1. Sort out which residues of the range 287-317 are among the polar types (S, T, N, Q), at pLDDT 95 or above and open to solvent by 20 Å² or more (accessible area, probe 1.4 Å), and write them in order of number.
2. In the range 171-194, what residues are part of a loop (DSSP other than H, G, I, E, B), within 12 Å of the ligand (Cβ to nearest atom) and open to solvent by 10 Å² or more (accessible area, probe 1.4 Å)?
3. Given (1) free of Cβ contacts under 8 Å to residues at least 12 places away in the same chain; (2) of a type in the set (Gly, Ala, Ser); (3) surrounded by fewer than 17 Cβ atoms within 10 Å (Cβ to Cβ), identify the lone condition not met by Ala121.
4. Would you mention how many residues in the range 153-188 are farther than 26 Å from Val216 by Cα and out of contact with any strand residue (DSSP E or B) (no Cβ under 6 Å at 6 or more places or on another chain)?
5. Hey, any hits in the range 266-286 for a residue that's surrounded by fewer than 13 Cβ atoms within 10 Å (Cβ to Cβ), more than 16 Å from the ligand (Cβ to nearest atom) and closer than 22 Å to Tyr24 by Cβ?
6. Check the range 303-310 and report whether any residue there is near the ligand (Cβ under 10 Å from one of its atoms), among the aliphatic types (A, V, I, L, M) and under 24 Å from Gly80 (Cβ atoms).
7. When you scan the range 250-265, do you find a residue that is of a type in the set (Lys, Arg), assigned to a loop (DSSP other than H, G, I, E, B), at pLDDT 95 or above and within 16 Å of the ligand (Cβ to nearest atom), even just one?
8. Restricting to the range 277-304, and then to whatever is in contact with a helix residue (DSSP H, G or I) (Cβ under 8 Å, 6 or more places away or on another chain) and outside any loop (DSSP other than H, G, I, E, B), can you tell me which residue is farthest from Phe120 (Cα to Cα)?
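The values are calculated or read from the model by the stated rules, or taken from the named source; none is laboratory data. Keep in mind that what you see is a predicted model, and the values were worked out from it rather than measured. All Cβ positions, even for glycine, are placed from backbone atoms using ideal geometry, and neighbour counts span all protein chains on display. Protein only, heavy atoms only, side chains kept; ligands, DNA and RNA dropped before computing areas. Shrake-Rupley method; radii C 1.70, N 1.55, O 1.52, S 1.80 Å.
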Amino acid sequence: MSSDTAPEEGLTPDQLAAFQRDGYLIIPDALSPSTVSSLLAETQRLLDTLDLSTHPLTRFRTGGETGDDHVGDDYFLSSGDKIRFFLEDDAFDSSGNLIKPKHRAVNKIGHYLHVLSPPFASLLSGSDNEGMKASPAAVARSLGFTDPRVLQSMVICKQPEIGGAVPPHMDSTFLYTDPPSAVGFWYALEDATLENGCLSFLPGSHRWAPVEKRLVRKDAEIKDGKGTEMVANQGSKFPKGEGYGEELQNENGQAEYVSGEVKAGSLVLIHGNLLHKSEKNTSQKGRIIYTFHIIEGAEGFEYDKRNWLQPPAEGFTALYG
Ligand SMILES: O=C(O)CCC(=O)C(=O)O
C-alpha cells in the first residue's frame, strides 16, 4: 500500500486504515532531499571512523529461517548504547580474509544512532528536517502509542554484489514486549529496487501470524551466558485489540509477498507482527537505508529481561518530548 499524502500532523485516516489492513505503509517523500543528503553524508563519515585493526570482525548474521545462528557476540550484545559496525559475511573469503574495502564491507551500523549521531537524532525529534512529512512522534500518536520508546536504530548498507538477504521475519521476534507493540520506521536513503534488494511484505500477516519465537540472550545458568538463541514465545503472540488471531490465517492463506520498491526519502512503516524480508543485493548499486523501532513503554507492556537488546542506563529513548 502506498500513499502520497502525509500531513505534518500524522497519518490521514486513509493511511491509518491501510496500515491496519496491510501491516505496512509506504509514505513517499517523507524526508526532503537535503535531509537524505545529510544522512548519507553522516553514514559516510561514520564509515570513515571504522578502524578495522581494532574491530573484532563481527559479521551480521540473521541466523537464516530459524535464527539459530544469529549474531550474538559481546560486541553485538553490548551495542545498544553505542555506534558499532557489523560486517557482511560475503566480505570475507572462505579462509576468513576480508576481501572488500571497509566502506564496502559493512552490513549495518547500530544501535544508538538516534542518540549519538546528531543528524539521526534530529530526524527523530523532527527538528532541522524542513519539509519532513509525518514526523515520528506524529505517526506514533496516529498509531495510538501512549509512551513510545525508541529502542534501536540502524543504517543498513545492503552493499553492491554482497549485501545479504534478510529472510522472512517479524520484528517482534527480536524486540518483544508482552503484549507485542513494536513498529519499525524504515527510511530509504537511496532508491530501493528489485535489483538491489528492496523490502517485500506479506500483506495482512500481522493480523494472523503469531509471535511464535523470540531472540533472547542465552540463559547464564544453563549455558555459558554468552550469545543468543531462539526460544518459544510463552507470552502474548498478538497485540491487544480486536482483529488479530491465528484463525484469520485461513482467510488469508493465499496471500503472497508484495515487493516495495521505493525512492530515496520514502518512509515505510512496518507492524511488529508483519512478515517481511529482503533479497540479496547482487547488483552494482548499494541500498543504504536508516531504520529505528519503537515499542510501547506504558504500563501494561512488559519489556522482557531476556531480550537480546537491554535498555541503556538512561532507559529507552522517549519519543514524546
Ligand atoms: O532493510 C532490510 O533489508 C531489512 C530490514 C528489516 O527487515 C527490518 O528492519 O526489520
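1. Thr317
2. Hits for the range 171-194 are Phe174, Glu190.
3. Answer for Ala121: the failing condition is (3).
4. Result for the range 153-188: 4.
5. Looking for residues that are surrounded by fewer than 13 Cβ atoms within 10 Å (Cβ to Cβ), more than 16 Å from the ligand (Cβ to nearest atom) and closer than 22 Å to Tyr24 by Cβ, one finds none in the range 266-286, hence no.
6. no
7. Scanning the range 250-265, I find at least one residue that is of a type in the set (Lys, Arg), assigned to a loop (DSSP other than H, G, I, E, B), at pLDDT 95 or above and within 16 Å of the ligand (Cβ to nearest atom), so the answer is yes.
8. Ile294
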